[in-house]
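The values are calculated or read from the model by the stated rules, or taken from the named source; none is laboratory data. All of these numbers come straight from a predicted model, not from anything done at the bench. Don't worry about glycine lacking a Cβ; one is built from the backbone with ideal geometry, like all the others, and counts go over all protein chains shown. Side chains included, ligands, DNA and RNA excluded: accessible areas come from the protein's heavy atoms. Shrake-Rupley method; radii C 1.70, N 1.55, O 1.52, S 1.80 Å.
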Amino acid sequence: MIGLGAMGSATAHALARRGIRVIGLDSHRPPHRFGSSHGGSRVIRMAYFEDPAYVPLLRRAYDLWAQLEATSGRSLLRRTGALMIGPEDSEVVAGSSRAAREHALDHEILDAEQIRRRFPVFAPESEEIALFESIGGALKPELAVETVLQLAAQEGAELRFQQPVHRLEIESGVVTLHTAEESIRARRVVLCAGAGVGPLLPASEPNLQRALTVSRKVVAWLDPQESSQDALAHWQPDRLPVWVWAPRDAEIIYGTPAQRPTLPGLAADTPAAAKVGIHSGRDETTWDQVDRQVSERDLQALQRAMGRRLPALVEAPVVASEVCLYTHTPDDHFLLGPHPEHAEVLLGAGFSGHGFKFAPVIGEILCQWTLDDATQHPVDLFRSRRLVS
């Protein structure tokens, strides 16, 4: 098991529960800040605008998150509701509506006035509407990864941290993983190395490696400039849903209710603030050369993106900021399943900035493929062959 972030930890846990000997390796010590499984919160939603085909996986993911909470005794998911905002024909609203209709999901459609009245922090244009679903919410990524790794270890998984894998060799159905400390032979290897997966892919299919690109993303926690405690209350998780907004001819932005950032080095009295980010766009980089310093230019871009849509965030003080990585496929759908030329290598990659919420079901899928060469879940959208033709 290479990579022990969200997907790797979930896969290691699923395999270890089946009594399989699992050796998991990671270049760092998860949970850490060097990939995509950090930042204090991750949005989870059901009416999936990216494609209705994700909804069955989300239903299973919600069940598995609940099971993890019950097993661990920890709260990993807070339901706040989810609000998808934009013009009726926008990718976010039209796609969410389509998924809700096809899968008969509970939801409401709000016009601009209804959005403003129910959620006063937003200032939508008159043409904009929103889909609201009460099942949406926010996951705790660091706590989730830590919890799943603990459960995997309890089930017998051998977890080896700060041990990067430098290369793979495949011969006669056996994969050899080379690290600085040792070489490990295995019948199956699962690659969940996030932005670092490209260099580890077998060279027999170079188109697959070229299909994966990495982009740098900045998130920030902004302190809303409100005039009263009553106004600040509108930013709290019991009043404000997680949200995704696709304005006309502008970047897709997203955010979560006010929370205290959980970043290393922050003072214990750091105030709660609204987490915001820009989802669309690709500032391409590589996993090992990314600029992890957040610049004034980065923060100005975030504040411009909020613009007139969230008036209290215009020129709002920055409480904290962080860099994370998206690993994209050309169509921004996941890359799941056997390598097209080497069935010994299973791939869980290319989650394109929207994968964390699926982690436990991705672990289940990769476990099933590892043991049975098949999965019960609908995954045709994610198979590797689409990227190599």
Packing rank of 265-273, 91-99, 301-309, where each peptide gets the mean count of other beta carbons within 10 Å, highest leading: 91-99, 301-309, 265-273
Whenever you get a sec, compute what percent of the accessible area on the chain sits on carbon and sulfur atoms (1.4 Å probe). 46 percent
Answer with one residue from Gly81, Gln162, Gly3: the one whose Cα lies farthest towards the positive end of the charge dipole of the chain, charges on Cβ with Lys, Arg +1 and Asp, Glu -1. Gln162
Can you quote the Å³ per residue value for the convex hull of the Cα atoms in the chain, rounded to an integer? 138 Å³
Whole-Hz ³J(HN,Hα) for each residue in the range 353-362, computed from phi via Karplus 6.51 cos²θ - 1.76 cosθ + 1.60 with θ = phi - 60°, x for glycine and proline: what do you get? x, 9, x, 4, 4, 8, 3, x, 6, 4
Rounded to the nearest 10 degrees, the helix 296-306 long axis (Cα) sits at an angle to the longest Cα principal axis of the chain of 60 degrees
Amide hydrogen neighbours beyond the local backbone of Thr179, cut-off 5 Å, H modeled: His166, Ile184
Where the only charges are on Cβ atoms (+1 Lys, Arg; -1 Asp, Glu), what is the dipole of the chain about its Cα centre, to the nearest 20 debye? 660 debye
Note, ³J(HN,Hα) from phi for the range 375-385, Karplus 6.51, -1.76, 1.60, rounded to Hz, x at Gly and Pro: 9, 7, 8, x, 10, 4, 4, 10, 5, 5, 4
Taking amide hydrogens as modeled 1.01 Å from N in the peptide plane, which residues meet the under 5 Å criterion relative to Val174, leaving out close sequence neighbours? none
For the range 64-126, what is the charge dipole size about the Cα centre, in debye to the nearest 20, if Lys and Arg each add +1 at the Cβ and Asp and Glu each add -1 at the Cβ? 420 debye
So if each residue of separation counts as 0.36 nm, and I subtract the Cα-Cα distance between Arg383 and Thr270, what length gain in nm does that give? 36.3 nm
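Could the peptides 2-8, 288-294 be put in order, highest first, of the mean number of other beta-carbon atoms found within 10 Å of their residues?
2-8, 288-294
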Report, largest value first, the span of the C-alpha coordinates of the range 26-96 along each principal axis, in whole Å. 43, 29, 23
Along the Cα→Cβ direction, 7 angstrom out, place labels at Asp288 and Ile170. What is the inter-label distance in nm? 2.2 nm
If you count only protein heavy atoms and use a 1.4 Å probe, how large is the accessible surface of Glu315, to the nearest 10 Å²? 150 Å²
Using alpha-carbon coordinates, inclination of helix 55-72 to the longest axis of the chain, degrees: 80 degrees
The range 362-389 scanned against label point 7 Å out from Arg18 along Cα→C-beta; backbone N under 13 Å for 362-377
Given a 1.4 angstrom probe, what's the average accessible area per residue across the chain, in square angstrom? 42 Å²
The long-range amide H neighbours of Gly40, using H built 1.01 Å from N in the peptide plane and a cut-off of under 5 Å, are Glu142
Find how much the distance from Val318 to Arg248 grows on full extension, using 0.36 nm per residue of separation minus their present alpha carbon separation; answer in nm with one decimal. 22.6 nm
Diffing the range 158-166: the Karplus 3J(HN,Hα) column from phi (6.51, -1.76, 1.60, θ = phi - 60°), in whole Hz with x for Gly and Pro, holds 8, 10, 10, 8, 6, 9, x, 8, 8
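Can you tell me the FRET efficiency between Glu88 and Ser134 if r is taken as the Cβ-Cβ distance and R0 is 22 Å, rounded to the nearest 0.05?
Using R0 = 22 Å, I get an efficiency of 0.55.
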